[in-house]
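What follows is one structure encoded as structure tokens, with my remarks underneath.
Nothing in this text is a laboratory measurement; each read-out follows from the coordinates by a stated rule. Remember, it's a predicted structure, so these values are computed and weren't measured experimentally. When we count neighbours, we look across all protein chains shown, and the Cβ atoms used for this are built from the backbone with ideal geometry, even at glycine.
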Amino acid sequence: MDLRQLRYFTAVARERNFTRAAERLHIAQPPLSRQIQLLEEELGVSLIHRKSRPIKLTDAGRLFYEQALQVLGRIDQMKDATRRVGLHRNKVLSIGFVASTLYGGLPLLIRKLRQNAPELDIQLLEMLSIQQIAALKEGRIDLGFGRLKHSDPNIHSTVMREERLVAALAQDTELARDIAPLPLAALSGQKLIVYPKEPRPSYADQILTLLQDEDVRPSEVLEVREIQTALGLVAADSGISIIPASARQMRSDVLYRLIDGPRAFSPVILNHRAGDSSRYLVLVKQLIRDMYAENPPWLEANNIHPLPAEGGSPGAAEN
């Protein structure tokens, strides 16, 4: 088994098609198929169901895929770190984030991190919550700030806070005439705009599940790619969108009402690789605790559980 075979297999697993994987790898399909076959012979198990269209991984294949991603990610990290040490460059810390966290505490956290670790080259990469899990395992990011809970044992997650949800409403509409918290039931029969459209599961599914559990049935659901598009359509009176409270500052031509309900919140979650005990991760968690202890106005206004739990974790719950 060699690294080439791991890269070949992960490409096939991602594309779910040998032809597309071969094109992506810039090789012919027969040698690609042969390398996967040799890999299976060495392992003594089948990794791929070849008769299905698109192809599917076996249980062993799914396990091997997850482990291969981690190995390849570590190799890439090792190469990059070695080059930077040899060239006397700064340590790189790559942070993934969902767009809505830019309107909460993330900018302040990054400023504090730059002040406390000036040697760091901090790279910020916008990506959806589900994309962050794969990026962490592949070593493309070191930390992720998302909103979607998961069950991947290779990724450790800490719920830092539970942010209130608000309904974004077009001006001069009936629901925008009141400033009191809006019951979820009031959204029944309304046209709802959710984001992101893909990949799924996502924040959109979080909102749709909340409404379904409360037996709230919109008249129509429009799926769009990003929060900016959703709010633009709201401003054009094309529907209602439910967004995290801190994102209210994104547009001034839209009115917002807090959603009334014990489950009307969206968690902000810190993700990192299980077993990671780097000093920069420890520093990030300490800075979050310090930031919450200052209780800035945006924190008190937007969150159900705004302060960190006692002890070493910066949030209300872990998984």
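The Cα atoms of region 162-265 give a gyration tensor whose axes a ≥ b ≥ c have a/c under 1.5, which makes the shape rounded. Looking only at R53, R248, R289, which one moves most when the chain is put into a Gaussian network model with springs between Cα atoms under 10 Å? Its mean-square fluctuation being the largest, the pick is R53.
For region 3-81, the Cα-based Rg and Dmax, in that order, read 12.4, 41 Å. Between region 153-167 and region 24-83, how far is it from one alpha carbon centroid to the other, in angstrom? Taking the Cα centre of region 24-83 as reference, the centre of region 153-167 is 32 Å away. Specify whether the C-alpha gyration tensor of region 1-153 places it in the rounded, prolate or oblate class, a ≥ b ≥ c being the square roots of the eigenvalues: rounded for a/c under 1.5, otherwise prolate if a/b is larger than b/c and oblate if not. It is prolate, given that a/c is not under 1.5 and a/b is the larger ratio.
Comparing Cα centroids, region 186-250 and region 251-299 end up 21 angstrom apart. Over all other residues within a Cβ to Cβ distance under 9 Å of P181, the charged ones net out to 0, with Lys and Arg as +1 and Asp and Glu as -1. Between A301 and Q70, the modelled label-to-label distance comes to 4.3 nm, taking each label 7 Å out from Cα in the direction of the beta carbon. GNM remark for the chain: springs join alpha carbons under 10 Å apart, and the peak mean-square fluctuation among A99, A60, A230 falls on A60. Need one number: % antiparallel among DSSP beta bridges in the chain, to the nearest 5. Expressed as a percentage, antiparallel bridges in the chain total about 60.
Please give me the summed charge of the neighbours of M291: other residues whose Cβ is under 12 Å from its Cβ, Lys and Arg +1, Asp and Glu -1. Neighbour charge sum, excluding M291 itself: +3. Between A293 and R14, the contour length at 0.36 nm per residue exceeds the alpha carbon distance by 96.2 nm. Once you sort the root eigenvalues of the Cα gyration tensor of the chain as a ≥ b ≥ c, which label holds: rounded (a/c under 1.5), prolate (a/b larger than b/c) or oblate (the other case)? Oblate is the answer for the chain, as a/c is 1.5 or above yet b/c matches or exceeds a/b.
Simple spin-label estimate for R34 and V92 gives 3.5 nm between the two label positions (7 Å along the Cα-to-Cβ direction from each Cα). Rounded to the nearest 20 debye, the dipole magnitude of the chain is 1140 debye, with +1 charges on Lys and Arg beta carbons, -1 on Asp and Glu beta carbons, and the Cα centre as origin. The helix-only estimate of mean residue ellipticity at 222 nm for the chain, built from DSSP H runs of length n ≥ 4 each weighted as -39500 (n - 2.57), is -12500 deg cm²/dmol after division by the residue total. Length gained on full extension, R251 to T58, computed as 0.36 nm times the residue gap minus the Cα-Cα distance: 64.8 nm. Note on region 162-265: antiparallel DSSP beta bridges, both residues inside, total approximately 55 percent of the bridges counted.
Can you check what the net charge comes to around R263, using other residues whose Cβ is under 12 Å from the Cβ of R263 (Lys, Arg +1; Asp, Glu -1)? Summing Lys and Arg as +1 and Asp and Glu as -1 gives -3.
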